[in-house]
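Presented below is the structure to which this report refers.
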Amino acid sequence: MVEFGTLNFGSLDTSSQKKELDLNNPSEHLKLVIVGSGPAGYTAGIYAARANLNPVLYTGMEMGGQLTTTTIVENYPGYPDGVEGPVMMEEFKRQAEKFGTDVRFGEVTRVDFGRRPFILVIDEEKVISADAVIIATGASAKYLGLESEQRLRGAGVSACATCDGFFYKDKVVAVVGGGDTACEEALYLAGLAKKVYMLVRKPYMRASKIMQRRVLDHPKIEVLFETETLDILGDKKVEGIKVVYRRGKPDEKVYEIPIDGFFLAIGHKPNSDVFKPWIETDENGFIKTKCKSTKTNVEGVFAAGDVQDPFYRQAVTAAASGAMAAKEAELYLQELEEKEREEKQLEQI
Ligand code: NDP
């Protein structure tokens, strides 16, 4: 038996506020816990509840996930007239609850996947155990950290060209970043906008050569190397940016560019820290899943949505992987029950 007091739990850095919790005595045992309330988590809830798995879904602090920070979603099938991101997530939640998913507001702050049943700590307050876990904690787009960037979020500042690019038909936009995502976003936007500036802070791009070539060859994209954003201009909506060329060098130049939209593409941080000591991730923190499945390296723990997807990052692909995770959890729990039944029968002999 593992002694919890001596274990190094995977956790957010909550050491300063960690309470003395009796981790050996969970106050509740659950069959299936879903962690996260974006499209992946709620879809897993819909499928798991319909399969009578009595799922409990912990929402995390940002209930509804990244979609609650977007305005209108026009690329989710079934909504030909578009739908507000927060409204859509409310409908996902309602659908999950309708079939019996127990949606609880709370954050998983520590886990131990080193023993069965698994142990999860909620809000550093409550200890629960679970037979299976679906991690659907998503990813968070990185921002530059400017005050104006937060103020103008949804008013010209976006971290998703596929979501919001459509609103910039024949307008002028800027994309920050020099990676593959930035190139993809710039190319996507160039199909809609009149002009795309790509702001790359170094004298070179990090993106793959083929993506760089596509960007550099595109007549509508102008790449501004060694250029950093100092401020986003505009009161109610984005009207321009103030940038610095070759900051700190003798030929440093500060100037303004009029634009209508400002797109961040400086990477995403998957929300996987809390699970890391148990669950394998890639070098960027995305949870590794086994080929064509949502299975992680720990049997009984599944990962769905953006926390395991550095590439597609769409609501529809997240929802699809949530459905996969629920199906796989169902199968796992069936096998677990059969195993337990067999063990009991053997004990009685
Ligand atoms: P990356 O981490 O690869 O690139 C981030 C970019 O943003 C870098 O150019 C970085 O600059 C820049 N950046 C970071 N912070 C700042 C800042 N504060 N100000 C200005 N610029 C900043 O992230 P991506 O999302 O592009 O890619 C993540 C992974 O996914 C990569 O492995 C990528 O190859 C992969 N991917 C693959 C795709 C494909 O194959 N089709 C599509 C999209 C992503 P710097 O270089 O100076 O650090």
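Couple of notes before you dig in:
- The simple Förster model, with R0 at 35 Å and r as the Cβ-Cβ distance, assigns GLU340 and MET63 a FRET efficiency of 0.50.
- ARG104/SER27 FRET efficiency (R0 22 Å; Cβ-Cβ; nearest 0.05): 0.95
- DSSP beta bridges in the chain [antiparallel fraction, %, rounded to 5]: 50
- Cβ crowding within 10 Å averaged over residues, with 279-287, 46-54, 32-40, 75-83 ranked highest first: 32-40, 46-54, 279-287, 75-83
- Among the listed pairs LYS202/LYS253; LYS169/LYS236; LYS295/LYS344; LYS93/LYS236, those with a Cα-Cα distance over 22 Å are LYS295/LYS344; LYS93/LYS236.
- Nonlocal amide H pairs with TYR197, under 5 Å, H built at 1.01 Å: VAL173, ALA174, VAL175, GLU222
- In order along segment 288-301, the Karplus-derived 3J(HN,Hα) couplings, from 6.51 cos²θ - 1.76 cosθ + 1.60 at θ = phi - 60°, round to 7, 10, 6, 2, 6, 8, 9, 5, 9, 6, 9, 4, x, 10 Hz, and Gly and Pro are given as x.
- Taking Cβ separations below 4.7 Å as the criterion for a possible disulfide partner, the isolated cysteines in the chain are CYS183, CYS291.
- Counting 0.36 nm for each residue step from PHE311 to LYS242 and taking away their Cα separation leaves a gain of 21.8 nm.
- Applying 1/(1 + (r/R0)^6) with r as the Cβ-Cβ distance of VAL87 and ILE349 and R0 = 51 angstrom yields a FRET efficiency of 0.35.
- In this simple spin-label model, placing a label point 7 Å from the Cα along the Cα-to-Cβ direction at both ASP282 and LYS126 gives a separation of 3.5 nm.
- Averaging Cα coordinates gives a centre for segment 165-220 and one for segment 267-293; these two points are 27 Å apart.
- Normalised by residue number, the volume inside the convex hull of the Cα atoms of the chain is 157 Å³ per residue.
Values quoted throughout were computed directly from the atomic coordinates according to the rules given, and no laboratory measurement underlies them. These figures come from a predicted structure and were not determined experimentally. Cβ atoms come from the backbone with ideal geometry, glycine included; neighbour counts cover every protein chain shown.
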